[in-house]
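First the structure, in the form of structure tokens, and then the observations on it.
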Amino acid sequence: MEQKSSNSPKRRRALYAMAAAVAGLAGAGLAWWRYAPAPLDQATALQLWDLEFDTPAGSRLALSSLRGRPLLINFWATWCPPCVEELPLLNAFFEENKAKGWQVVGIAVDKLEPVKAFLQRQPLAFPVALAGMEGLTLSKTLGNQVGGLPFTVLVGADGGILNRKIGKLSARDLTLWRELK
């Protein structure tokens, strides 16, 4: 009677698949732990409302004017493909929810001229503020530990930070976030 070898090709494939699955889960867990935004202290959240920015139109935007209603703050740049890809989704979210009290502001981590040119090609219904590269510093104070873009912060009507995400938002993210206000 012939015994099956413990090194059969089928068994090796199963072991490799199991090892790959374990490695994948470990990598995903590490990425989640490393890139999950850190908790935000209340003093930083309060300082957010004192900020003012120039706009591409030449006026000033005081974040305090947006206080008291749910606010989605999106850090983006014209040179960031995922940022540009998610802007139509954010614009649609704003258009669909502004009558329900939702606000969106785009904080451009960019220079005036590229932002103006972009907005001429793709107008946005929500306000855009210009922060330049200092916008990355601001995003880090709001929990963006790696300084990646896009970065989005959900602020509740009470002024508290409800959620944050590094990377491109999905329609599902926005649907879930809309319920948090």
Likely footprinting exposure, Asp158, Asp173, Asp54, Asp110, fewest C-beta neighbours within 10 Å first
Asp158, Asp54, Asp173, Asp110
Under the 7 Å Cα-to-Cβ spin-label approximation, Lys10 and Arg172 lie apart by a distance in nanometres of 3.5 nm
Report the residues of the range 64-105 in range of a label on Lys116: point 7 Å along Cα→C-beta, backbone N strictly under 11 Å from it.
none
Please give the residues of the range 80-118, grouped as numeric ranges, whose backbone N is less than 15 Å from a label point set 7 Å along the Cα-to-Cβ vector of Ala125.
87-106
What nm distance separates the two modelled labels at Ala43 and Ala57, each placed 7 Å from Cα along Cα→Cβ?
3.6 nm
Suppose R0 equals 35 Å; then what is the FRET efficiency for Glu134 and Asp158 from their Cβ-Cβ distance, rounded to the nearest 0.05?
0.85
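We did not get these values from a lab; they are worked out from the coordinates using the rules stated. Keep in mind that what you see is a predicted model, and the values were worked out from it rather than measured. When we count neighbours, we look across all protein chains shown, and the Cβ atoms used for this are built from the backbone with ideal geometry, even at glycine.
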